[in-house]
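Report on the following structure.
The values are calculated or read from the model by the stated rules, or taken from the named source; none is laboratory data. Here the structure is a predicted model, which is why all the values come from computation and not from measurement. Cβ atoms come from the backbone with ideal geometry, glycine included; neighbour counts cover every protein chain shown. We work out accessible area using only protein heavy atoms, side chains counted, and drop any ligands, DNA or RNA first. Shrake-Rupley method; radii C 1.70, N 1.55, O 1.52, S 1.80 Å.
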Amino acid sequence: MPCVSVMWTVWWLLGFAVVGIASSGEVYTSMIDVGRLLTTEGEMIRAVENYILAQEEKLQKLKRDMIEMERVHDEASRSPDAFLGNPINAYLLVKRLTVDWADIQNVLTADDVGQAMLNNLTNMADLLRWPDEEDLNGAATALMRLQDTYNLDTAQLARGYINGKKQAYRELTAGDCFELGRQSYNSGDHYHTTLWMNEALNRFETEGNKTVDRADILEYLAFSTYMQGNVRQALKLTNELLVDKPNHQRAYGNKIYYEEALQKQQAGRVRDGESMDVEAVEKGYTVAEDSEVADSWQKERRAYEKLCRGEGKVPKNIASKVVCYYQHGPGKSLQIAPVKAEVMYIHPTIIIYHDVISEKEMSVVKEMATPRFKRATVQNYKTGELETASYRISKSAWLKHDESEDVARINTRIEDITGLNVDTAEELQVANYGLGGHYEPHFDFARREEKDAFKSLGTGNRIATFLFYMSDVEAGGATVFPHLGLSLWPEKGAAAFWHNLYPNGEGDLLTRHAACPVLVGTKWVSNKWIHERGQEFRRPCSLDINAK
């Protein structure tokens, strides 16, 4: 900072009117007044020293932060996939480049040199990808999804442990936990807000260098506790906040509000433990579901999460019929080099083919797809339009058969294995799942009520799915069939295959499946959706739904 800037800062700190002193012309005319200048100089020296100390403290903190950030960056660079395959590490990276970076910017904008550096980074926007608040919210939501799906304990997760194994490079600070709670709060998720704010409060008590203000934790925690129906605890937390900060106006207003709510509760107008009215947040959240539909959804959800954790089992009478064999047909290439087939389920028939895509082919497909990746979409069953959705988190790209010999060879292999015509199939879709990436239970085929599904293709419905696994996944990431009790675990080089439609053209509801959230690691898949048109002689129509 230029000297003139420092001096003006000093005069501002002292509260002097510089122009008034300079223009009075009274000081030099008396040695008594000149002597008083020593007092003025002493105050100025102390003010500048305090300013220097404050700036040095900021710079020392910035230096410590940069040393730690550089250490983590070097560790991550040695094995990016392994490092970022851990969801806690990935979340902390996003937080560093959003919340923590905002704090660093505040320090850098204090002088011209720092501002010039920030301007230079801004000019590199074409080369650098900066995450934003939506990315931070998505990363936090992903951690909540993993926490729920895999029954992860909040305290253990904050310590960096996943399934009893130390995974993260460091524990979460109180500030990290607070940010997770804040993001949950912003999403209207008061359940997870209370979990993470409580953890933030516990960690705050043991932290030497405080990473968050206790009053901020208490305010969020109190309100989310109130929203979950525990008015007494919300009032207790707010009173604690007011002990720390008696002049906290918002907390004082909340205290009055909670006291009134408690009086209503005691008068019997609100049952104990009941969620509070939405007027408190003025957002108008409403729930109006058919109870039968809600019960069915909950049942499927429980089955889905159980299978994701590896707790589900195929019924014994089905499991006893599972067989492995070498498939020699129907394609000609299989007569020379049969594929290893493992029947995972009988009706519907779901088969895993092992070692059906080479390392080279997978590398080519990944390399071709990466620069084309876009957020994966789903089809709105009412409008028929494609849109992004929170229940499908991944990025995907499409590869044409004539773009590469490897892609063409993969398509031919699918046709040889399945005996189905792939000329009318969709292009090869390649997907990479991000932090907590998943795809909740869905059908690959279009149901009758779905408007104009696949109309633009003109090839009918999706008769079958062929799904390649192009990476192993350390934990999570299974393909599960909730109504069958079946989990297929990613095995690099293998592929899953099933028919979506009965021979009479009706959709097989038992093929409803999901991609479980990736807990640890990274997941690459590619799939081919094969359509009805062109299968007239390869899989003839039949009124018998069990016909092959």
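Taking region 452-475 only, how many residues are of a type outside the set (A, V, I, L, M) and within 30 Å of the chain's Cα centre (by Cα)?
Going through region 452-475 one residue at a time, the tally reaches 9.
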Self-check item: Hits in region 94-127 - residues which are under 19 Å from K61 (Cα atoms), not in a helix (DSSP H, G or I) and not acidic (D, E)
Solution: T109, A110
Practice problem: Would you check if P371 is open to solvent by less than 40 Å² (accessible area, probe 1.4 Å) and either at pLDDT 95 or above or out of contact with any Lys or Arg (no Cβ under 9 Å at 6 or more places or on another chain) (or both)? | Solution: no
Quiz item: Just to be sure, is E450 more than 26 Å from K306 (Cα to Cα), open to solvent by 20 Å² or more (accessible area, probe 1.4 Å) and touching a Leu at 6+ places or on another chain (Cβ under 7 Å)?
Solution: no
Quiz prompt | Tabulated pairs, region 310-325, first farther than 16 Å from I350 by Cβ, second open to solvent by 50 Å² or more (accessible area, probe 1.4 Å) and among the aromatic types (F, W, Y), C-beta under 9 angstrom, 6+ apart or interchain | solution = G310/W489
Quiz item: Which condition does G436 not pass, out of (1) modelled with pLDDT under 95; (2) open to solvent by 40 Å² or more (accessible area, probe 1.4 Å), if it passes all the others?
Solution: (2)
Quiz item: How about region 310-364: which of its residues are open to solvent by 50 Å² or more (accessible area, probe 1.4 Å), assigned to a strand (DSSP E or B) and more than 29 Å from A475 (Cβ to Cβ)?
Solution: Y325, Y326
Quiz item: Considering only region 485-510, how many residues are more than 29 Å from L84 (Cβ to Cβ), in contact with a strand residue (DSSP E or B) (Cβ under 6 Å, 6 or more places away or on another chain) and open to solvent by less than 20 Å² (accessible area, probe 1.4 Å)?
Solution: 5
Exercise. Would you check if there is a residue in region 461-471 being more than 29 Å from E506 (Cβ to Cβ) and either outside any strand (DSSP E or B) or open to solvent by 10 Å² or more (accessible area, probe 1.4 Å) (or both)?
Key: yes
Quiz item: Name the pairs whose Cβ atoms lie under 6 Å apart, with the first residue in region 529-543 and assigned to a loop (DSSP other than H, G, I, E, B), the second open to solvent by 100 Å² or more (accessible area, probe 1.4 Å), and 6 or more positions between them or separate chains?
Solution: G534/D423
Quiz prompt | Subset tally (residues that are open to solvent by 100 Å² or more (accessible area, probe 1.4 Å) and among the acidic types (D, E)) for region 22-81 | solution = 4
Quiz item: In region 85-113, what residues are at pLDDT below 85, of a type outside the set (A, V, I, L, M) and in contact with a helix residue (DSSP H, G or I) (Cβ under 6 Å, 6 or more places away or on another chain)?
Solution: T109
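Here is a check on your reading of the model: is V34 more than 30 Å from T141 (Cβ to Cβ), assigned to a helix (DSSP H, G or I), among the β-branched types (V, I, T) and touching a helix residue (DSSP H, G or I) at 6+ places or on another chain (Cβ under 7 Å)?
In short, no.
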Exercise. Check region 518-529 and report whether any residue there is crowded, with 22+ Cβ neighbours inside 10 Å, over 25 Å from the mean Cα position of the chain (by Cα) and modelled with pLDDT of 95 or more.
Key: yes
Practice problem: Among the numbered conditions (1) open to solvent by less than 10 Å² (accessible area, probe 1.4 Å); (2) on the phi < 0 side of the Ramachandran plot, tell me where G229 comes up short. | Solution: (2)
Practice problem: Sort through T109, T122, T173 and tell me the only one that's in contact (Cβ under 8 Å) with a residue 24 or more places away in the chain and closer than 28 Å to Q55 by Cβ. | Solution: T173
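For region 44-93, name all the residues that are outside any helix (DSSP H, G or I) and either basic (K, R) or touching a residue at least 60 places away in the same chain (Cβ under 8 Å) (or both). Reasoning before the result, please.
Applying the first criterion (outside any helix (DSSP H, G or I)) to region 44-93 yields 79, 85-86.
Scanning region 44-93 gives G85, N86.
Suppose we filter G138, G188, G164 for residues that are within 17 Å of the chain's Cα centre (by Cα), open to solvent by 30 Å² or more (accessible area, probe 1.4 Å) and modelled with pLDDT under 95; which single one remains?
Sole residue among the options that is within 17 Å of the chain's Cα centre (by Cα), open to solvent by 30 Å² or more (accessible area, probe 1.4 Å) and modelled with pLDDT under 95: G138.
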Quiz item: Where residues in region 117-135 are within 24 Å of R64 (Cα to Cα) and surrounded by 11 or more Cβ atoms within 10 Å (Cβ to Cβ), which of them is nearest to the chain's Cα centre (by Cα)?
Solution: P131
